[in-house]
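K.L.:
Take a look at the following structure, please.
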Amino acid sequence: MSIAAQQFLEAAGSITRNLRHRGLIQTALRKYEAARDRKKSAFNDWSAARQSAAETKWDAINHLDTYLAEFASKLEARGTKVHWCPTEPEARDTIRGIIRDSQARCIVKSKAMTAEEIHLNEALEKDGFEVVESDLGEFIVQLRQEPPYHIVFPAMHLTRDEISDLFERELGSDPTREPEELTMIARRALRRKYLQADVGITGANFAIAETGMVSITENEGNARLTSALPRVMVTLLGIEKVLPKLEDLALFLPLLATAGAGQTVTGYNTLYGGPRQPGESDGPVEWHVVLLDNRRTELLADPEQRDALHCIRCGACLNVCPIFRNVGGHTYGTTYSGPVGSVITPHLRGLQDWKHLSNASSLCGACTEACPVKIDLHHHLLQNRRNAVGDAPSWIERVAWRAHAFVVNTPALYQFAQEVGRIVEPLRRRLQGTPLDPAQSWTRTRDLPPVAGESFKEWWRNRR
Amino acid sequence: MNITLFIPCFVDTCFPEVGRHMVRILERLGHRVTCPEAVACCGQPAFNSGYWDEARQVAGKTLHHLRDAEAVVIASGSCGAMLKVFYPQLYEGRPEADAARALSERTWEFSDFLVNRLGVTDLGARFPAKVTFHDGCHGLRELGIKSAPRKLLEKVRDLELVEMTDAETCCGFGGTFAAKFPMISTAMGEVKCASAADTGAEYMVSNDSSCLMHLQGLLSRQSKPLKTIHLAQILDPQ
């Protein structure tokens with residue numbers, strides 16, 4: 001078992017017993033579901049919208065080479081510097097280089113999961129820079145020195161009281177239970193940072209090939225300040241973020257907001273076309289767009305699971321996933337948690353180390369049903385399981401499944417197994433709850449039904 | 001009609017009454033029911049674990065024995081999904097591919113068969129209790145069965161059907177998942193049971209014995225008054 005798998009099992013074991021966590025997450029996500037359903041009903045035809053979005057992303061991903069080249073050349077035409085980074089260290093070093101060259105000291109950052117993916121903050125802090133997260137949720141988890149709990153709602157696992165205590169401890173503010181006051185405390189701390197910052201780092205929601213623009217969607221206006229005030233702007237995005245045309249946003253912006261947060265459309269939607277142009281009075285003087293591959297092209301080469309690159313990181317699959325709702329975001333130990341994380345992490349970080357996430361699913365399919373771009377998520381988990389066995393089968397399991405096949409395929413043996421089950425039932429009941437119980441992984445929390453005195457097949461035979 | 005009733009291994013072994021009720025219901029409707037002795041398992045446990053070669057060892061036999069069946073009715077949405085959805089994938093590009101597709105088209109989950117193939121909703125049953133229905137995920141999302149079991153329950157005399165908040169949320173069984181990740185499976189089951197209990201129902205009904213095995217196991221262990229029951233047990237007027 002990999003270290004990651006052991007950590008997952010340990011973390012899952014303790015958090016699933018935490019009833020406070022369970023209640024908090026179930027309540028929050030039930031509210032989300034209700035809001036999402038209200039907004040979904042505003043679409044004339046939600047399933048047609050999903051189909052259309054899936055087809056657009058299919059086109060974008062299947063012609064990624066063309067669209068990326070178009071995106072980059074349009075950006076460069078307006079003075080943006082485009083950096084192509086095949087790996088995590090190259091992306092990190094590119095951004096470190098930009099920051100060194102700009103002689104920056106203070107950096108503000110808006111929400112970017114790709115930055116989590118390349119562990120950017122740790123690298124910059126190690127270089128001696130101060131990096132301040134400007135998204136409220138990210139600001140909170142940064143103060144707690146922990147990774148985001150959820151790709152869209154980074155601090156959803158915390159209550160107002162916990163946030164108030166954190167602010168009191170870290171920022172010296174007065175305790176309060178009012179969300180508005182908590183927001184104002186963060187705002188006062190952040191406003192100073194925007195003015196001090198020399199570099200602003202952002203992520204991106206969509207990269208528009210046709211016009212060479214980056215679309216960023218947010219609810220707090222922090223990404224606008226992050227991009228508009230510092231002299232240098234850096235945008236880090238995965239290469240899968242491409243959309244072919246500007247008009248595609250007409251569908252994708254409401255789709256993202258509805259599926260991700262139960263909103264009609266997100267509060268602020270900004271399109272960035274380039275750095276400050278001659279004659280313009282504001283905006284960043286330099287804009288660097290850093291395109292990250294980090295094994296996405298390997299996923300692109302897999303025709304069966306290529307559609308995982310359609311992902312617009314809305315978080316809808318996490319929100320409806322009963323596994324996520326019970327183990328929470330941190331248990332996964334990955335940048336991308338929930339169903340999409342379980343699908344792509346084995347591709348991004350190695351199948352054998354991360355196959356346990358594909359096994360940690362009841363394959364219920366709620367994720368696939370919720371995905372606004374129709375990624376076949378739960379079937380990809382099945383394929384990951386098959387691929388993991390194909391690469392490195394467990395011989396114990398293989399023998400067990402062969403034995404199972406032999407028994408169920410041989411009626412006399414199958415009946416004999418049932419008979420054995422009946423005979424050992426009293427002994428099994430006595431052993432229940434002890435480490436000798438062979439079914440203890442079931443019986444520790446659940447009763448096991450006994451083998452019936454007369455099986456259906458026996459009844460059927462006797463009846464005739 | 002000649003109906004081949006496929007009673008999956010765990011129903012055969014632990015819940016034989018479910019199969020007996022199905023036989024009685026189908027025969028009372030005037031159909032000829034056969035239950036092939038040699039067919040025990042659909043092969044899903046090995047398939048879901050990633051052992052597709054071993055799954056084919058089981059599925060191949062099932063495919064062979066069901067090849068001439070006019071209609072296969074299966075007593076589980078999950079095993080039904082294996083036959084209808086996953087056999088064609090398991091045999092894609094293999095000599096048995098046509099047979100797998102043909103079997104898929106002739107296979108029906110029990111409630112779906114009654115309502116959408118036979119056009120029957122009223123079986124003359126009476127069950128004086130308040131119940132809530134749990135949608136098994138494979139039946140719901142792989143086979144698209146949502147309304148059939150409810151149409152059947154609505155026609156049962158003296159039965160009150162109430163929907164729970166999380167009717168479509170997974171109960172946490174998930175086959176080998178329940179044994180490999182018991183702590184997550186248990187937490188999911190507890191959420192489900194709480195949601196069902198909140199409706200004030202006496203019974204949680206489902207068309208999948210596998211979900212019910214897990215849920216009843218939890219309820220019994222925790223001495224909860226809520227009980228589980230298979231749809232076929234309610235529908236058979238005895």
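K.L.:
Check off (1) in contact with a Gly (Cβ under 9 Å, 6 or more places away or on another chain); (2) more than 30 Å from A:Lys39 (Cα to Cα); (3) facing chain B (nearest Cβ under 8 Å); (4) of a type outside the set (S, T, N, Q) for A:Cys364 and give me the number that stays unchecked.
P.N.:
Exception for A:Cys364: condition (2).
K.L.:
Select from region A:388-410 the residues that are assigned to a helix (DSSP H, G or I) and touching a residue at least 40 places away in the same chain (Cβ under 8 Å) and list them in ascending order.
P.N.:
Once the filter is applied, which keeps residues that are assigned to a helix (DSSP H, G or I) and touching a residue at least 40 places away in the same chain (Cβ under 8 Å), region A:388-410 yields A:Ala388, A:Asp391.
K.L.:
Okay, moving on. Evaluate the following for A:Pro303: is it in contact with a strand residue (DSSP E or B) (Cβ under 8 Å, 6 or more places away or on another chain) and not aliphatic (A, V, I, L, M)?
P.N.:
no
K.L.:
Just to be sure, is A:Leu29 closer than 25 Å to A:Ala207 by Cβ and either in the same structural domain as A:Gln196 (by TED's automatic domain parsing) or out of contact with any Pro (no Cβ under 9 Å at 6 or more places or on another chain) (or both)?
P.N.:
no
K.L.:
Now a separate question. Please find, among A:Glu178, A:Glu220, the residue that is closer than 30 Å to A:Asp45 by Cα, over 20 Å from the mean Cα position of the chain (by Cα) and among the acidic types (Asp, Glu).
P.N.:
After ruling out the rest, the residue left standing is A:Glu220.
K.L.:
Residues being over 16 Å from B:Pro182 (Cα atoms), more than 8 Å from chain B (Cβ to nearest Cβ) and polar (S, T, N, Q): count how many of those fall in region A:440-464.
P.N.:
Of the residues in that region, 1 qualify.
Table: residues versus (1) under 45 Å from the mean Cα position of the chain (by Cα); (2) not in a helix (DSSP H, G or I).
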{"site": "A:Glu419", "(1), (2)": "no, no"}
{"site": "A:Arg429", "(1), (2)": "yes, no"}
{"site": "A:Pro435", "(1), (2)": "yes, yes"}
{"site": "A:Asp447", "(1), (2)": "yes, yes"}
{"site": "A:Val451", "(1), (2)": "yes, yes"}
{"site": "A:Arg461", "(1), (2)": "no, no"}
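K.L.:
Consider region A:141-165. How many of its residues are more than 20 Å from A:Lys111 (Cα to Cα) and crowded, with 18+ Cβ neighbours inside 10 Å?
P.N.:
Quick first cut of region A:141-165, residues more than 20 Å from A:Lys111 (Cα to Cα) only: A:159-162, A:164-165.
If we keep only those that are crowded, with 18+ Cβ neighbours inside 10 Å too, we end up with A:164.
Qualifying residue count, region A:141-165: 1.
K.L.:
Which residue, of A:Leu75, A:Leu64, A:Leu19, is farther than 18 Å from A:Asn319 by Cβ, without any contact (Cβ under 8 Å) to a residue 40 or more places away in the chain and of a type in the set (A, V, I, L, M)?
P.N.:
Only one candidate passes the filter, namely A:Leu19.
K.L.:
Which one of these does A:Asp437 not meet: (1) modelled with pLDDT of 95 or more; (2) more than 10 Å from every other protein chain (Cβ to nearest Cβ); (3) in contact with a Leu (Cβ under 9 Å, 6 or more places away or on another chain)?
P.N.:
Single failed check for A:Asp437: (1).
K.L.:
Then there is this: If you check A:Ser134, A:Ser110, A:Ser173, which single one turns out to be small (Gly, Ala, Ser) and surrounded by fewer than 20 Cβ atoms within 10 Å (Cβ to Cβ)?
P.N.:
Numbers: A:Ser134 fails: surrounded by fewer than 20 Cβ atoms within 10 Å (Cβ to Cβ); A:Ser110 fails: surrounded by fewer than 20 Cβ atoms within 10 Å (Cβ to Cβ).
Of the residues listed, the single one that is small (Gly, Ala, Ser) and surrounded by fewer than 20 Cβ atoms within 10 Å (Cβ to Cβ) is A:Ser173.
K.L.:
Please verify whether region A:457-464 includes one or more residues that are modelled with pLDDT of 95 or more, touching a helix residue (DSSP H, G or I) at 6+ places or on another chain (Cβ under 7 Å) and within 28 Å of B:Tyr51 (Cα to Cα).
P.N.:
Yes, that holds for at least one residue.
K.L.:
Scan A:Arg36, A:Arg22 and give me the residue that is facing chain B (nearest Cβ under 9 Å) and at pLDDT 95 or above.
P.N.:
Just a single option satisfies the conditions, and that option is A:Arg22.
K.L.:
A further question on this structure: Any idea which of A:His347, A:His380 is part of a helix (DSSP H, G or I), touching a Lys or Arg at 6+ places or on another chain (Cβ under 8 Å), within 29 Å of A:Leu251 (Cβ to Cβ) and of a type outside the set (A, V, I, L, M)?
P.N.:
Matching residue, one of A:His347, A:His380: A:His347.
K.L.:
For region B:1-36, which residues satisfy the criterion of being over 16 Å from B:Leu66 (Cβ atoms), at the interface with another protein chain (Cβ under 9 Å from one of its Cβ atoms) and not in a helix (DSSP H, G or I)?
P.N.:
Result: B:Phe15, single match.
K.L.:
What is the one condition in (1) in contact with a helix residue (DSSP H, G or I) (Cβ under 6 Å, 6 or more places away or on another chain); (2) at the interface with chain A (Cβ under 10 Å from one of its Cβ atoms); (3) in a helix (DSSP H, G or I) that B:Val39 does not satisfy?
P.N.:
(3)
K.L.:
While we're on this one: Considering region B:2-34 alone, what residues qualify as being in contact with a Lys or Arg (Cβ under 7 Å, 6 or more places away or on another chain) and surrounded by fewer than 22 Cβ atoms within 10 Å (Cβ to Cβ)?
P.N.:
Passing the criteria: only B:Asn2.
K.L.:
Could you check region B:42-64 and list, in sequence order, the residues that are more than 9 Å from chain A (Cβ to nearest Cβ), within 27 Å of A:Leu357 (Cα to Cα) and among the hydrophobic types (A, V, I, L, M, F, W, C)?
P.N.:
Result: B:Cys42, B:Ala59.
K.L.:
Another question about this same structure. If you take the residues in region A:342-361 that are buried (at least 24 other Cβ atoms within 10 Å of the Cβ) and small (Gly, Ala, Ser), which one is farthest from the other protein chains (Cβ to nearest Cβ)?
P.N.:
Filtering region A:342-361 for residues that are buried (at least 24 other Cβ atoms within 10 Å of the Cβ) and small (Gly, Ala, Ser), the one farthest from the other protein chains (Cβ to nearest Cβ) comes out as A:Ser342.
K.L.:
Mind telling me which of the residues B:Thr132, B:Thr121, B:Thr107 ends up being hydroxyl-bearing (Ser, Thr, Tyr) and more than 17 Å from the chain's Cα centre (by Cα)?
P.N.:
B:Thr121
K.L.:
Given the criteria in contact with a helix residue (DSSP H, G or I) (Cβ under 8 Å, 6 or more places away or on another chain) and outside the structural domain of A:Arg144 (by TED's automatic domain parsing), does A:Gly329 qualify?
P.N.:
Considered against the rule, which asks whether it is in contact with a helix residue (DSSP H, G or I) (Cβ under 8 Å, 6 or more places away or on another chain) and outside the structural domain of A:Arg144 (by TED's automatic domain parsing), A:Gly329 comes out as yes.
K.L.:
Among the numbered criteria (1) within 30 Å of A:Gly350 (Cβ to Cβ); (2) without any contact (Cβ under 8 Å) to a residue 60 or more places away in the chain; (3) more than 8 Å from chain B (Cβ to nearest Cβ), which single criterion is violated by A:Gln383?
P.N.:
So A:Gln383 meets the others, but not (2).
K.L.:
Now, a different point. Which members of region B:194-217 meet the condition of being within 11 Å of chain A (Cβ to nearest Cβ), crowded, with 24+ Cβ neighbours inside 10 Å and hydrophobic (A, V, I, L, M, F, W, C)?
P.N.:
B:Cys211, B:Leu212, B:Leu215, listed by residue number.
K.L.:
Specify which of the listed residues (A:Ala104, A:Ala42, A:Ala5, A:Ala69) is assigned to a helix (DSSP H, G or I) and in contact (Cβ under 8 Å) with a residue 24 or more places away in the chain.
P.N.:
Going through A:Ala104, A:Ala42, A:Ala5, A:Ala69 in turn, the sole match is A:Ala5.
K.L.:
Something else about it: Please go through region B:146-189 and pick out each residue that is under 18 Å from B:Met213 (Cβ atoms) and not in a helix (DSSP H, G or I).
P.N.:
Result: B:Thr169, B:Cys170, B:Cys171, B:Gly172, B:Phe173, B:Gly174, B:Gly175, B:Thr176, B:Phe181.
K.L.:
If you check A:Ser227 against the conditions, is it at pLDDT 95 or above, farther than 30 Å from A:Glu33 by Cα and in the same structural domain as A:Pro284 (by TED's automatic domain parsing)?
P.N.:
yes
The values are calculated or read from the model by the stated rules, or taken from the named source; none is laboratory data. Quick caveat: nothing in here was measured; it's all calculated off a predicted structure. With ideal geometry, Cβ positions are generated from the backbone for all residues, glycine too; neighbour counts draw on all protein chains shown.
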